[in-house]
Structure formats: C-alpha cells, structure tokens
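What follows is one structure encoded as structure tokens, with my remarks underneath.
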Amino acid sequence: MKEGGPGTLARKQARLAWVFMAPTLVLLAAVGLWPLVQTVYLSFTETFTGSPEPPQWVGVANYAEMLSERQFWLAIRNTVVFTVVSVSLEFVLGLCFALLVHTHFKGRGLMRAAMLIPWALPTVVAARMWGWMFNDVFGVVNDLLVGKLGILSDPVAWTATPGFAMASVILVDVWKTTPFVALLLLAGLQLISGELYEAAEVDGASAWQRFVTITLPLLKPAILVALIFRTLDALRVFDVIWVMTRGQHGTESAATYTYRSLIEYNRLGYGSALSVAIFFLIALFVVFYVYTLRVDEER
C-alpha cells in the first residue's frame, strides 16, 4: 500500500482518536475501575469499617456465607419480583402514553409536559410524598378507600404489611418512572415515517394491523433501550425502598441488604462480596442484551 493511502489515513485517525479519548479513559479508570478492583479484593477478606486491623485474607468464605444465607436469597427474590413487575407495567403504560401523545390533538404539548412531572421529581421526594399518602392514620389513600368510596372497612398499613408493602413500592416506582419509558418510546415513534402508515391504510390494513406490522417492528430498538435502562436501574433499586420501608415487611432488595451489611453491621468484606455478586448479575444481563442487539442487527 502506498504511503499516504487510505490505510495510512485510517491508522492516523485511529491514533488521534485514542489520544483524544485518553483523558476520559484515565478518568474512568480512576473513578470506576480502581474502586471495582478494590471491592473485589476486599470481598476476599474479613475486614470491618473503621477497624484499625488490616484486612485478613479469607478466600471465598464471604461468598460461601452469602450463598448459604436465607436473607440473601430473599433479597434476590424480592429484587427479581420488583424488577419483573415494575418494568413490565412501566413498559405497557409507557407504550400507551407514548402512542397517545404521539397523535395530534389539542393540548398535546401541555400533556407531554405534565406527563414528565413525576419523572422530574427526585426519587426521595416522591417516595416520602407517597409514604405520607399511604399512612394508615392520616393518609389520603385510606381516606379515599375507606371514608369516601367505602371499598375498605378499615384502614390498611400499606407500607407496613407484607405483600401490600411491596405492591406499594412497585406502584410508586411505576408512577415515577413510566414517563421516562414513554419518553424513550415516543422518540422511537417519531422516527417512523408517516408514509408507511398511509401506504398500509391505502392497502386496507386496520389500526391493529398497522400497529403490529409497522409500529412494533420499527419501534424494537427503542423498546430494547427502554427495557435495558429500566431493568438495570430496577436490579439495583435502593432509594424508593429505603425511604418507604427501610427494606422491611418483605421489601428487602439486594441493594438494601448490601447497605445493611456495609453500613449497619460494618462488615466491609462481606458487603463487598455482595456488591460483586450484584455487579456480575447486572453484567451478565448487559452481555445478554448486547448479544441480543448484535444478533438482531445481523439479521
């Protein structure tokens, strides 16, 4: 290949790209890679927060204890239940809202802005607000269901009753995060050409047929992005659960269980092992997602 040909230019551009990316890569390694390596190391040791004693190497003892702990598996189960139910509801409702605000009607802009209000609220504020609403003594939910509608005969301690507590947490998460899913799906809908719908309508396709044959297939990339973002976020849920229930009454998640081990019990080694387990759980899901995307693009 001659000097100065396309291959040489491509190599120069690649080297220049690495030069420009180097500061960012160094920063990412400093704030991300090094803490990860340190956490993995501590997961093989027995050490306590604030202890003057150096970490003692215990091998895989922390992982063995973790796998034998019933509370750990309950936290994993609760996390999976929370993730599956909340993400499923958010996807269905988000798709409905996206389809609704994608159509042309008077006041569409105001509705789009109002729809984003729950998502714009800080999670701690939203969780605290709903916690007061679910209060069994002066909460508006019990006042509505007992006093106004008469659906219930007695007030319910929604966030302090097993079963109801998890349902309450899921409801708050769905209320807050559905607008985010709707926003992602709406962006995907706006990329679909209207000419496709017009041609299908001329061919006699019904609204349902147009939705199944045009909207869903072309919206698949946006759907996958929305699902992966929400699933990864739900797998490490902490704030909404901690504010509303402190992880009690059947709502303990993997993140709150890890927090208790690290902060309340000061078990830095065991808590690090839990963090590594959660990290690899999420990493496996990301690999599966990336592989699914790659296979879909090759078809």
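Structure data summary
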| read-out | value |
| --- | --- |
| Global form of the chain, assessed from the alpha-carbon gyration tensor, a/c cut-off 1.5 | oblate |
| Distance between the range 52-70 and the range 237-254 - C-alpha centres, whole angstrom | 24 |
| Extension gain from LEU191 to ALA17, taking 0.36 nm per residue of separation minus the Cα-Cα distance | 59.6 nm |
| Over the chain, relative contact order from alpha-carbon pairs under 8 Å, at least 6 apart, % | 28 |
| Per-peptide average of other Cβ atoms within 10 Å, ordering 90-100, 152-162 highest first | 90-100, 152-162 |
| Burial ranking of peptide ranges 113-124, 216-227, 170-181, 19-30 (average Cβ count within 10 Å, highest at the top) | 170-181, 216-227, 113-124, 19-30 |
| Modelled FRET efficiency - R0 45 Å, SER153 with TYR289, Cβ distances, 0.05 increments | 0.45 |
| Cα centre as origin, Lys/Arg/Asp/Glu Cβ charges: the chain dipole, Debye | 620 |
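Every read-out reported here was derived from the displayed coordinates using simple, explicitly stated rules and does not represent laboratory data. Remember, predicted model here, so these are calculated numbers, not experimental data. Cβ: placed from backbone, ideal geometry, glycine included. Neighbour counts: every protein chain shown.
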